[in-house]
């Protein structure tokens, strides 16, 4: 794992209207060079919503995140509900500020309530347990297909990236095509205790079939070859000459308990 190194910059992929969430978590004792904007990675191609019926767009006070419909609730990234500029605060989003858009509609639906994974800590630089569940009126999610969980993946397995993120961004908060459902291919780069990781191309390569995530993709699913959910996007990191995307593993014990609405007994907030 690369957390805590001085040459790593971590990017939270919630898109903010006034400030792009690029400095949520930063370890830096030395100046960091930006990757060339033309080689930050490929965020896939636009796709018709019916191709991924469980994909959900999450709108939070004008900001954009992604989500997944699990039938009785939508799962997204917990950090989407916090102020990236002031993570020490409690969640700033109110239920009334959060809406979702299902794949078969363009009409936003208000949520009734949300729950953040109890082990998640907005001040913890590791971003472990970056999960939240959004609840709407009974039956509102039943009109589209619900997601299914995949078995534990292996390094090298083919995967599909799905999200509503931008196709281009810069640290001056310039981005395009935000809020358009996109998809692309990649392979599992690393399977860790808390995260499933995919890797973007070397900055000097074209990056064919190495789709990577951009702002707005937070909370979106990583799917296996059968369309089942492996993980939920938490964040991206600039690592040496590559960009990697970290997906919260739904197979970690407490994460799976959260999805199944069970208590993770004896967790101590660490697993």
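The values are calculated or read from the model by the stated rules, or taken from the named source; none is laboratory data. It should be emphasised that the depicted structure is a prediction, and the values quoted were computed from it without experimental measurement. No Cβ is skipped: glycine too gets one built from the backbone with ideal geometry, and neighbour counts run over all protein chains shown.
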Q: Can you tell me which residue among 227, 207 is outside any strand (DSSP E or B), modelled with pLDDT of 90 or more and either on the phi > 0 side of the Ramachandran plot or in the same structural domain as residue 68 (by TED's automatic domain parsing) (or both)?
A: 227
**Q.** Residues of region 121-135 satisfying the condition of being within 17 Å of residue 76 (Cα to Cα) and either modelled with pLDDT under 90 or outside any loop (DSSP other than H, G, I, E, B) (or both)
**A.** 121, 122, 127, 132, 133, 134, 135
Q) Going through region 105-120 one residue at a time, which ones are in a loop (DSSP other than H, G, I, E, B) and surrounded by fewer than 17 Cβ atoms within 10 Å (Cβ to Cβ)? A) 105, 106, 107, 108, 112, 118
